[in-house]
Each structure stands twice: as structure tokens, then as C-alpha cells.
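What follows is a short report on a single structure.
Derivation of every value follows stated rules applied to the coordinates shown; laboratory data play no part. On a predicted model such as this, the values are computed, not experimentally measured, just so you know. Every residue, glycine among them, receives a Cβ derived from its backbone with ideal geometry; neighbour counts consider all protein chains shown.
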Amino acid sequence: MSKYYHITTYGCQMNVHESEKIAGILSSLGYENCDNIEDADIAVFNTCCIRENAENHAFGNIGMLKKLKAKKKGMIIAVGGCLTQQIGKADILHDKFPYVDIIFGTHNLGKLKEYVIKKQSQKKSVIEVLESEGEISENEKPLRTSYPNAWINITYGCNNFCTYCIVPYVRGRERSRKSEDIINEAKELISLGYKELTLLGQNVNSYANGTDDITFPELLKKIANLDGKFRLRFMTSHPKDFSEELAKVIAENPKICNAVHLPVQSGSDRILKAMNRRYTSADYLKKVEILKKYVPDCTITTDLIVGFPTESDEDFNDTLSLVKEVGFSSAFTFVYSKREGTVAAKMDGQIPEEVSKKRIMQLISLVNSQTREQSAEYVGKTIEILCEGYDDKKQMYLGRDEYGRMAYFYSDTDVVGEFLNVKIESASGISLTGTLV
Ligand code: SAH
Ligand code: SF4
Ligand code: F3S
């Protein structure tokens, strides 16, 4: 009889890819994927704690499984990811949800196989969260779910300690995979037919820092020089480490998409300093200028936080001005969320919720108006898209151009994974609609 697994993923691409590794581990134990958690023999929650709502979301969903577990006694519930890695959280989880069978952290994902086997033969929960990050493991074979895109880790962890951010505490110090392992993985993925490779790290620009391995721009160049038609993307770039050499490599290698995600967080120098971002708004604009000098058509997307402690109306207006000046093609906008254990959590001048709410609405409206304006410019143009999937609701295929803009279109045949030309007929918000040409 088949056994099924179900994975619920929260958080960033890093977690999405780690869920693919979890899927790989579970399938090596004979489990198959199922879409409905009620059919699962093992349900895994791969959690995130970047903001309070991410954490609450996971807590809520784990809580909802109590009834199912009471009906389905043999079901295994496992919780991993960044939330469990916070000091004391594993115990809180265990107290609150005693029916959870396995709790593991980000540093011991590879041991999940061992934990499942152990749990199958004992009544007691298996709880293990390691404090230290240990060596990078190359053993987990991901079961990929995002064809034609494939994620490739290049670094793990983060050394930057932005004062608002929990990531360095739950992901540990920055470690880089060997370039040889990364390039071999890229080669294999291309030979398997993947058409878009996305290199992942909290700060890809500092890849191999402090080791004698090649630099990030050199790594990009090597992958871009591999045979085959594919796109190469990377995220995330920290502005302080974004170099002229990188801009040149993007310009010189057509397989590297002319689209860079460069999180700025704020336009106020005072706030950037308090965030420990280690650049000013002028430094950021200079990086944008260098990038545009070499890659004039490059689109830039960003992350923005409003309501960081002590943020005044003036600081917020600086953010609005910077957003206008750079002309971001889109942006992820967040209300600052206090994270226990970070430096900013202890800062005076926490901003009232209603002030932050007002600011984020204003920011979203500005970002959306810029995105809409840029979308409108697409109408009448023919663009090359990589088809990523089929939208059941719209009953249309969808894909992106190299700049990351999403386009919908009809096709009689399955074209997922194909590069196609689409003539854009209309634009609404961030997405475009067109016909195959
Ligand atoms: N390493 C990446 C981002 C990782 S987290 C970088 O440095 O750019 C993704 C985004 O979440 C961040 O860019 C930031 O905008 C947001 N974020 C992180 N901590 C946050 C917090 N405490 N409150 C609100 N947003 C936060
Ligand atoms: Fe967090 Fe800053 Fe590291 Fe990004 S660079 S993960 S925001 S500490
Ligand atoms: Fe990612 Fe959330 Fe962890 S954003 S690194 S899954 S805290």
C-alpha cells in the first residue's frame, strides 16, 4: 500500500528548495507526494520566522492538525525550518503541540531520514535542533518541483546581522558550497532539461568570501558558459557587495538575465545606519548607476521595510523618493516586525501599528503605480518568455520574460519548459496577456 507525504512550506526560496530536499528524503523512504494533507502518512511543516505573521501562520496550521492526528493515530507530524531553530522554540512547540512527532532545525535537515525511522519504532517524539551549523552536506538529493526552473544553493547562512533580521540567528554563519559542486549540479540540471537556474544565497555577492575559491562573478561566468539554452538568475544581492565586475559579467553574458533583485530596505540614511545595512542611499544609487551603465535595460526589484524603530515621516518620505528615483519594476514591501533576540527589538521608538499601516499603503500604491506604468509599455511588443506552467483558473499558460515580467497566453499544446514569443495585447498590474507568435 502506498504511503504519502505532504509538505507545507513557508518563507523564502531557500525554504522552497529545502522542501524539495525534504521531499527527496521522504521519497527515499518510500513515501509519495499527496496534495491533500488529510491523505498524508507524514505531514511536514517547513517553517519561517522572518516576521511575526509567518510564525503565526505556521503555529495556526500545526494547531489545526490536532483533530486529524486524533483520528489518524499513525500519522507522523514533523516540524522543521527556521522557526524551530530559534532558541527555546522547539520546547514551546513541543509543549503547545504534544502530538507533533518530530522537531528538527535548519542545520540537521539531512538527518530527517534517521528521525522518521526512529519515530516509526518509538512512541516518544524525536526532538533535535542543533546549535552549530556544521559542515555543508552534499548528500540530499532534491526532488524538484519547480520545472523548468531549478534552485541551486551557493551559500548558506548570513554574516550581515542587519539589526531587524532573525536570519543570522536561525541560519548560522555564512558558508559557501565548493564551486566545483555548484557547477556540476548546474551541468546536470541543464542536461536534464531545466531551462532556468537560480543561484540562491542570503548574500550571493559575498560567495566564497575568505576562501581561495572563485568569486561570485567568476562563478556566474562559468555557469553562463555552459552549453545549452537556459537562463541564469541569482538572489539575493546585498547592495554593499554589489560590484562593477558583477555588472560587467551580467552585461557580457546573454544567459544571465538582465534583472537584479537588490534590496534597499529604506531610503533614509539614518534608518539605513540603524539597520546596519552599511550603505547610504547615495551609495545605493551609485550601485544602480554602475549597473545601468553596463546593462542599460536591466530591471531592478527590491525589498522595503516601513516602520523600523524611530522611522519619522521624513525618513519615510526619503524611502518614497528613492523608490521614484530608481524606478523599481516591482518591490516586496513589509511592515517592520519585531524579532526577539535581534538588536532592533531592544530599540526605543517602536512605531505604532496604525502609522506603519498608513505608510505601507502609501508605499504599495506608489510601487504599484510604477509597476503598472512599466507593464503598459509592453503592450504591442513581442517578448520571449519561458513557459512555467498552466493557470487552471484562467485556463491559460504563463511564463516570464528575462526581466521577470509574467505573461499569460493560450496554447493548444503543452508548452511548459519552452521558450516562446508572445505578442503582448494588454497589461493589468504586474501581469501581461498576449498571443503566441
Ligand atoms: N538576505 C536577503 C533577504 C532575506 S529576508 C537580503 O538581505 O536582502 C527577505 C526580506 O525580508 C528582507 O529583505 C527584508 O526586507 C524583510 N525582513 C527581514 N526581517 C524583517 C523584519 N524583522 N520585519 C520586516 N521585514 C523583514
Ligand atoms: Fe537578514 Fe541582512 Fe542577512 Fe539579509 S543580509 S539575511 S536582511 S541579516
Ligand atoms: Fe527564509 Fe524565513 Fe528562514 S525568509 S531563511 S525561511 S526565516
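Overview of values
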read-out: Amide H partners (placed H, <5 Å) of Val264, local residues excluded; value: Asp303
read-out: Kirkwood hydrodynamic radius of the chain, from inverse mean 1/r over distinct Cα pairs, in Å; value: 23.2 Å
read-out: Burial ranking of peptide ranges 409-415, 144-150 (average Cβ count within 10 Å, highest at the top); value: 144-150, 409-415
read-out: Packing rank of 67-74, 329-336, 292-299, where each peptide gets the mean count of other beta carbons within 10 Å, highest leading; value: 329-336, 292-299, 67-74
read-out: For Arg231, residues with placed amide H under 5 Å, excluding near neighbours; value: Glu196, Leu197
read-out: Simple label model, 7 Å out from Cα along Cβ direction - Val16 to Ser132, nm; value: 3.4 nm
read-out: Placed amide H near Thr310: partners under 5 Å, 5+ positions off or other chain; value: Gln350, Ile351
read-out: Per-residue ³J(HN,Hα) for region 407-422, Karplus 6.51 cos²θ - 1.76 cosθ + 1.60, θ = phi - 60°, Hz, x for Gly and Pro; value: 10, 10, 7, 8, 8, 7, 10, 6, 10, 4, x, 9, 8, 9, 9, 10
read-out: Per-residue HN-Hα couplings for region 310-326 [Karplus 6.51, -1.76, 1.60; θ = phi - 60°; Hz; x = Gly/Pro]; value: 6, 4, 9, 4, 5, 4, 5, 4, 5, 5, 4, 4, 5, 4, 5, 5, 6
read-out: Neighbour cut-off at most 10 other Cβ (10 Å), DSSP loop, trypsin sites (Lys or Arg not before Pro), region 163-235; value: Lys229
read-out: Estimated inter-spin distance, Ser27 and Glu114, nm [label 7 Å along Cα→Cβ]; value: 2.4 nm
read-out: Reach of Lys123 by Cα under 25 Å, taken over lysines that are not fewer than 8 positions away in the same chain; value: Lys3, Lys66, Lys67, Lys69, Lys71, Lys72, Lys73, Lys89, Lys96, Lys111, Lys113
read-out: Note, ³J(HN,Hα) from phi for region 136-151, Karplus 6.51, -1.76, 1.60, rounded to Hz, x at Gly and Pro; value: 5, 9, 9, 8, 7, 8, x, 9, 6, 10, 10, 3, x, 8, 10, 8
read-out: Spatially proximal lysines relative to Lys293 (Cα-Cα < 30 Å; intrachain offsets below 8 disregarded); value: Lys195, Lys221, Lys222, Lys229, Lys240, Lys248, Lys255, Lys273, Lys324, Lys381, Lys423
read-out: Cut-off of 10 Å, at most 14 other beta carbons, DSSP loop: longest stretch of the chain lacking such GluC sites (Glu not before Pro); value: 139-339
